[in-house]
Amino acid sequence: MGGGRDRAFTGLILLTFVAIRDRAPPTAVVLGPVQQAKLLQARDDIASRSAERLNTAIATLQTPRAQVPADPDVREALAEGYLLSREFGSLPDALAMGNARREAMAALRWGPRSATALRVLGVVAYWWDRDPAAAGRLFHRAIDAALNDALVRQCYANILADNGEHAAAIREFDAARRLAPGATYLIADYAWGLWSAGREEEARALLNDLVRQEPMLASAHDCLSVIAFAADDLPGYAHYLHLRAKSRAAPELAAYSGMIKQEVVCGDRAAVYRAMFSRALSQAKATSQSDHSWAAFIASSFGDRTQLIDVLRRSQQRSERWGASGYKRRIGKRWSADETIQQLLASLNQSRIEPPPSDSTI
């Protein structure tokens with residue numbers, strides 16, 4: 001997976017951060033009133049998590065970025081916009097993550113204690129560089145810089161939940177919920193954390209209530225589609241996948257969801273499996289940062305032991321390390337008596353973010 005290269009790059013980020021932190025920042029140039037107004041509007045657009053408004057915000061911020069490249073607020077906003085466009089918009093992962101990293105690093109040059117920039121870099125370190133330890137260090141610095149920043153605590157909770165560190169994840173989700181009660185995007189992530197930890201009914205109830213409040217929230221439909229699939233509810237998977245594609249305005253996702261819906265209506269379970277598995281393999285091969293956890297989960301859910309073992313071995317050969325605790329939990333449970341699958345699955349575990357707790361109950 002290119003893990004050594006990615007960890008080296010993340011290490012370079014941390015060294016650069018230390019160098020920036022330990023010297024006086026350059027004098028930031030202040031935006032004029034017109035550009036300040038554009039920045040505020042762009043921030044509102046980014047906070048909406050709407051695909052259309054995210055695209056508008058990124059386009060709007062290009063002008064102040066070019067005119068006043070030393071303004072940390074503009075670079076922070078762009079870093080946030082690019083990062084969110086990966087999940088809520090239509091930017092491909094490589095472009096979204098690369099641009100988010102570039103803007104966050106620029107923001108740190110003029111604001112060494114920028115919690116936003118540190119948070120963005122922590123997200124990139126975990127999800128793109130596949131370096132849990134570096135991500136944890138960046139998040140601890142972000143929390144130190146802004147203890148009461150709900151989004152920092154939420155994003156930290158997300159990576160802890162993905163990595164199977166559920167007690168720590170619930171601790172951080174609780175902190176975020178105290179700071180931002182009722183925030184829909186937070187509730188969606190919290191529900192996914194609960195599902196990852198095996199608390200399925202609580203997760204489903206939260207998400208169903210959430211989509212009644214905010215029908216176009218892409219992350220909620222994403223969670224519900226996977227939860228439906230995991231429960232062998234293919235019509236439910238197709239339904240929520242369609243809503244996710246509609247809310248994100250992503251052409252490739254829309255085409256895929258249309259194909260899945262058609263096969264589900266026809267009752268062709270084998271065709272659904274072929275379409276899902278083929279796409280998952282293509283996504284896993286797309287970049288060295290991708291992994292096969294979703295493909296493995298699909299094969300497992302359809303009961304295809306041969307393909308599951310093949311995917312696990314292929315992942316092992318690529319030196320992949322997975323978070324994906326929700327998928328791994330369910331694969332492990334389904335094949336609990338299969339020693340080969342259990343050993344292969346265990347070989348893909350990645351390092352912890354935090355030291356193991358003395359009591360791991362949640």
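The values are calculated or read from the model by the stated rules, or taken from the named source; none is laboratory data. None of the values given here were measured: they were computed from a predicted structure. No Cβ is skipped: glycine too gets one built from the backbone with ideal geometry, and neighbour counts run over all protein chains shown. Protein only, heavy atoms only, side chains kept; ligands, DNA and RNA dropped before computing areas. Shrake-Rupley method; radii C 1.70, N 1.55, O 1.52, S 1.80 Å.
The charge dipole of the chain, taken about its Cα centre with unit charges on the Cβ atoms of Lys, Arg (+1), Asp and Glu (-1) only, comes to about 620 debye. 3J(HN,Hα) couplings calculated from phi for the range 211-226 with the Karplus curve 6.51 cos²θ - 1.76 cosθ + 1.60 (θ = phi - 60°) are, in sequence order, 6, 5, 7, 9, x, 9, 7, 4, 5, 5, 5, 4, 4, 5, 5, 5 Hz; Gly and Pro show x.
Beyond 18 Å, what percent of the Cα pairs of the range 245-362 remain? Let's see the in-between values first.
Numbers: 4027 of 6903 pairs.
In whole percent, the long-distance tail amounts to 58.
For the chain, the solvent-accessible area with a 1.4 angstrom probe is 43 square angstrom per residue.
Tell me which of Ser219, Leu39, Ala337 sits at the most positive position along the dipole axis of the chain, charges placed on C-beta atoms (Lys, Arg +1; Asp, Glu -1). Selected residue: Leu39. Listed values for the range 243-249 are Karplus-derived 3J(HN,Hα) couplings in whole Hz (6.51 cos²θ - 1.76 cosθ + 1.60, θ = phi - 60°), namely 5, 5, 4, 5, 6, 8, 6, and x replaces Gly and Pro.
Determine one quarter of the surface area of the Cα convex hull of the chain, which equals its mean projected area, and express it in nm² to one decimal.
Details: hull surface 71.7 nm².
Mean orientational projected area (the chain, Cα hull): 17.9 nm².
Karplus-based coupling profile of the range 283-300, in residue order and whole Hz: 5, 5, 8, 4, 9, 5, 7, 6, 9, 9, 5, 5, 4, 5, 5, 4, 4, 5, with θ = phi - 60° in 6.51 cos²θ - 1.76 cosθ + 1.60 and x standing for Gly or Pro. Taken over the C-alpha atoms, the range 189-323 has Rg and Dmax values of 15.1, 45 angstrom. Amide H contacts of Trp322: Asn349, Gln350, each under 5 Å away and 5 or more positions distant or on a separate chain (H built 1.01 Å from N in the peptide plane; Pro and chain starts excluded).
Projected onto its three principal axes, the C-alpha set of the range 149-247 covers 36, 25, 19 Å, listed from the longest axis down.
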